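K.L.:
I have a structure here, written as structure tokens, and I will follow up with some questions on it.
The values are calculated or read from the model by the stated rules, or taken from the named source; none is laboratory data. Given the structure is predicted, the values throughout are model-derived calculations rather than measurements. Neighbour counts run over all protein chains shown; Cβ positions are idealised from the backbone, glycine included.
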Amino acid sequence: MIKTLLMNIDEPDQVEIGRVRERGGYAALEKALRMEPAALIEEVKASGLRGRGGAGFPTGMKWSFVPKNSDKPTYLLCNADESEPGTFKDRKLMECDPHLLIEGMAIACYALDCHLSYIYLRGEFEFIAHTLQKALDEAYEAGILGPSVCGRDYALDIYLHLGQGAYICGEETSLIESLEGNRGYPRIKPPFPATHGFLASPTVVNNVETLCALPWIIANGSAAYAAMGTEKSKGTKLFSVSGHVAKPGVYEVEMGYPLMDFINNESGGVPNGRKLKAVIPGGSSVPVLRAEECEGVLLDYESLLKAGSMLGSGGMIVFDETVRMPEALSVIADFYAHESCGQCTPCREGTGWAAKILRNLIAGKGKRPDIDLLLKIADMMEGKTICPLADADVMPIRSFITKFRSEFEELCSN
Ligand SMILES: Cc1cc2nc3c(=O)[nH]c(=O)nc-3n(C[C@H](O)[C@H](O)[C@H](O)COP(=O)(O)O)c2cc1C
Ligand code: SF4
């Protein structure tokens with residue numbers, strides 16, 4: 001299977017620029033610099049690349065929303081906040097191939113006529129900050145970044161910014177607020193970052209994996225990328241798999257790869273002779289699938305949606321038959337209650353209320369009406385808030401309860 005993201009992952013010294021250049025690193029950037037920025041955007045559009053941060057929005061189209069003749073500078077912000085439970089794919093890229101990210105960012109910046117860019121790194125990833133900073137320093141020393149990128153009449157600076165470890169700062173407008181030095185509160189959209197983003201200027205926020213896909217696309221052409229995957233989900237995708245599998249880790253597969261093959265082959269299957277019970281395919285914010293619902297499902301945006309879930313961030317969590325679903329849901333609900341920024345009443349009150357009811361249920365203090373109350377709280381949160389964090393809590397609450405209701409009822413005294 002072709003690798004477009006993890007192709008260098010087993011190579012030693014990928015954090016040494018000399019080795020990186022030997023294996024052809026930054027050749028795609030040099031090719032991009034010989035192209036017109038507009039042609040570059042068309043190339044990314046033609047590749048069919050969709051944002052890997054969770055929403056799956058077409059990358060080239062997002063770039064084309066940036067106004068061409070603004071009197072303000074354009075910014076590219078790399079979203080390296082990766083805090084979605086179960087998701088650890090961006091971390092792998094940054095730890096093992098930081099120059100791939102820098103090359104992808106430089107390509108995106110050139111296409112967007114951006115001269116100043118930031119990597120917003122999750123606070124808990126301080127250990128990766130050292131690797132990224134070393135790679136940035138090397139890129140400056142080699143003339144890849146700075147006043148004359150690869151010797152061309154194009155200046156680019158990339159700075160690393162370490163967040164403070166708040167899940168909400170991965171939401172793009174919250175990330176922008178945080179980078180501006182403010183509290184990480186999501187903004188009401190519109191206006192969108194494309195016109196009013198960082199410092200009220202045109203801004204593109206892209207995920208690490210999205211940006212890392214660019215060097216391969218430019219080096220090999222959009223047609224080669226679009227030839228992989230399905231009709232609407234192109235290219236390859238990283239999945240981080242955790243939970244009850246023999247080989248947890250990060251794997252790259254072509255879009256449209258069968259979910260059960262991924263669990264049984266790439267991930268080594270469910271260990272200890274136990275049965276598969278459920279799978280969360282795309283991070284804790286997406287609906288859970290029962291084992292029988294996973295049969296025939298493909299790992300792409302459309303197939304997972306049809307199956308009643310979503311591809312999300314690609315953070316797959318596998319549950320075997322020993323998992324008690326109310327307990328798993330309680331852990332997830334506690335997370336969202338803790339991470340709500342508190343701006344919107346339905347989210348601030350709803351996430352905390354749901355988490356409390358679930359803790360009560362598990363402690364054996366629940367009653368049957370509590371189960372329907374949880375579903376009602378989910379209805380009251382859905383679609384009524386500034387950002388989708390509340391909806392991210394709704395998806396697991398609703399799907400866990402409707403698909404495993406008897407397990408919740410067993411915990412109730414009446
Ligand atoms: C609560 C919340 C947390 C998010 N966390 C992340 C994150 O950690 N990393 C990320 O890339 N996108 C995250 N997103 C999505 C971003 O808002 C944004 O859509 C994404 O960075 C766009 O990049 P892409 O187009 O390359 O996918 C989050 C969204 C929400 C609502
Ligand atoms: S939905 Fe929740 S996290 Fe998002 S802005 Fe409202 S309160 Fe904050």
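K.L.:
Looking for something out of contact with any helix residue (DSSP H, G or I) (no Cβ under 6 Å at 6 or more places or on another chain), within 15 Å of ligand 1 (Cβ to nearest atom) and of a type in the set (A, V, I, L, M, F, W, C) - is there at least one such residue anywhere in the range 378-388?
P.N.:
Checked the range 378-388: at least one residue is out of contact with any helix residue (DSSP H, G or I) (no Cβ under 6 Å at 6 or more places or on another chain), within 15 Å of ligand 1 (Cβ to nearest atom) and of a type in the set (A, V, I, L, M, F, W, C).
K.L.:
Determine whether Ala129 is surrounded by fewer than 22 Cβ atoms within 10 Å (Cβ to Cβ), within 15 Å of ligand 2 (Cβ to nearest atom), within 19 Å of the chain's Cα centre (by Cα) and not acidic (Asp, Glu).
P.N.:
In short, no.
K.L.:
Can you pull out every residue in the range 300-336 that is crowded, with 20+ Cβ neighbours inside 10 Å, within 16 Å of ligand 2 (Cβ to nearest atom) and free of Cβ contacts under 8 Å to residues at least 60 places away in the same chain?
P.N.:
Tyr336
K.L.:
Which pairs do you get when a residue that is without any contact (Cβ under 8 Å) to a residue 60 or more places away in the chain and surrounded by 14 or more Cβ atoms within 10 Å (Cβ to Cβ), found in the range 263-275, comes within reach of a residue that is of a type in the set (A, V, I, L, M, F, W, C) and in a helix (DSSP H, G or I), reach meaning Cβ atoms under 8 angstrom, with the pair 6+ apart or on two chains?
P.N.:
Filtered contacts from the range 263-275: Ile263/Cys294; Gly269/Ile263; Val270/Ile263.
K.L.:
Inside the range 164-188, can you point out the residues that are within 12 Å of ligand 1 (Cβ to nearest atom) and at pLDDT below 95?
P.N.:
Gly165
K.L.:
Further question: In the list Ala46, Ala55, which residue meets the criterion of being hydrophobic (A, V, I, L, M, F, W, C), within 16 Å of ligand 2 (Cβ to nearest atom) and within 24 Å of the chain's Cα centre (by Cα)?
P.N.:
None of the other options fit; the residue is Ala55.
K.L.:
Among the aromatic types (Phe, Trp, Tyr), buried (at least 22 other Cβ atoms within 10 Å of the Cβ), on the phi < 0 side of the Ramachandran plot and within 19 Å of the chain's Cα centre (by Cα): is that true of Tyr225 in this structure?
P.N.:
Here the answer is no, as Tyr225 does not meet what is asked.
K.L.:
Which one is surrounded by the most Cβ atoms within 10 Å (Cβ to Cβ), of the residues in the range 108-123 that are assigned to a strand (DSSP E or B) and hydroxyl-bearing (Ser, Thr, Tyr)?
P.N.:
The selected residue is Ser117.
K.L.:
Only one residue in Leu214, Leu238 is part of a helix (DSSP H, G or I) and buried (at least 19 other Cβ atoms within 10 Å of the Cβ). Which one?
P.N.:
One residue alone meets the criteria, Leu214.
Yes/no matrix, rows are residues, columns are (1) in contact (Cβ under 8 Å) with a residue 40 or more places away in the chain; (2) outside the structural domain of Met310 (by TED's automatic domain parsing); (3) acidic (Asp, Glu):
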position: Met61; (1), (2), (3): no, yes, no
position: Asn69; (1), (2), (3): no, yes, no
position: Tyr75; (1), (2), (3): yes, yes, no
position: Asn79; (1), (2), (3): yes, yes, no
position: Lys92; (1), (2), (3): yes, yes, no
position: Glu95; (1), (2), (3): no, yes, yes
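K.L.:
Oh, and also: What is the residue count in the range 64-111 for residues that are over 22 Å from Pro12 (Cβ atoms), charged (D, E, K, R) and touching a Ser or Thr at 6+ places or on another chain (Cβ under 7 Å)?
P.N.:
Qualifying residue count, the range 64-111: 2.
K.L.:
Considering only the range 39-79, how many residues are assigned to a strand (DSSP E or B) and among the hydroxyl-bearing types (Ser, Thr, Tyr)?
P.N.:
Residues that pass the stated criteria total 2.
K.L.:
Are any residues in the range 179-188 within 13 Å of ligand 2 (Cβ to nearest atom) and either more than 12 Å from Pro388 (Cα to Cα) or not in a loop (DSSP other than H, G, I, E, B) (or both), and if so, which ones?
P.N.:
Of everything in the range 179-188, those that are within 13 Å of ligand 2 (Cβ to nearest atom) and either more than 12 Å from Pro388 (Cα to Cα) or not in a loop (DSSP other than H, G, I, E, B) (or both) turn out to be Arg183, Gly184, Tyr185.
K.L.:
Just to be sure, is Ala39 without any contact (Cβ under 8 Å) to a residue 12 or more places away in the chain and either of a type in the set (Phe, Trp, Tyr) or within 16 Å of ligand 2 (Cβ to nearest atom) (or both)?
P.N.:
no
K.L.:
For the range 243-260, indicate whether the set of residues that are in a loop (DSSP other than H, G, I, E, B), without any contact (Cβ under 8 Å) to a residue 24 or more places away in the chain and in contact with a helix residue (DSSP H, G or I) (Cβ under 8 Å, 6 or more places away or on another chain) is non-empty.
P.N.:
Yes, the conditions are met somewhere in the range 243-260.
K.L.:
Sort out which residues of the range 116-161 are in contact with a Gly (Cβ under 8 Å, 6 or more places away or on another chain), free of Cβ contacts under 8 Å to residues at least 60 places away in the same chain and either away from ligand 1 (no atom under 14 Å from the Cβ) or outside the structural domain of Leu199 (by TED's automatic domain parsing) (or both), and write them in order of number.
P.N.:
Tyr140, Gly143, Gly151, Ala155, Leu156, Asp157
K.L.:
Further, regarding this structure: Being within 16 Å of Gly315 (Cβ to Cβ) and over 13 Å from the mean Cα position of the chain (by Cα) is the filter here, so list the residues in the range 58-93 that pass it.
P.N.:
Hits for the range 58-93: nothing passes.
K.L.:
Of everything in the range 339-384, what is touching a residue at least 12 places away in the same chain (Cβ under 8 Å), within 12 Å of ligand 2 (Cβ to nearest atom) and part of a helix (DSSP H, G or I)? Give them in sequence order.
P.N.:
Passing the criteria: Glu339, Pro346, Cys347, Gly350, Thr351, Gly352, Met381.
K.L.:
Going by the structure shown, is Ala142 of a type in the set (Gly, Ala, Ser), closer than 16 Å to Ala108 by Cβ and more than 20 Å from the chain's Cα centre (by Cα)?
P.N.:
no
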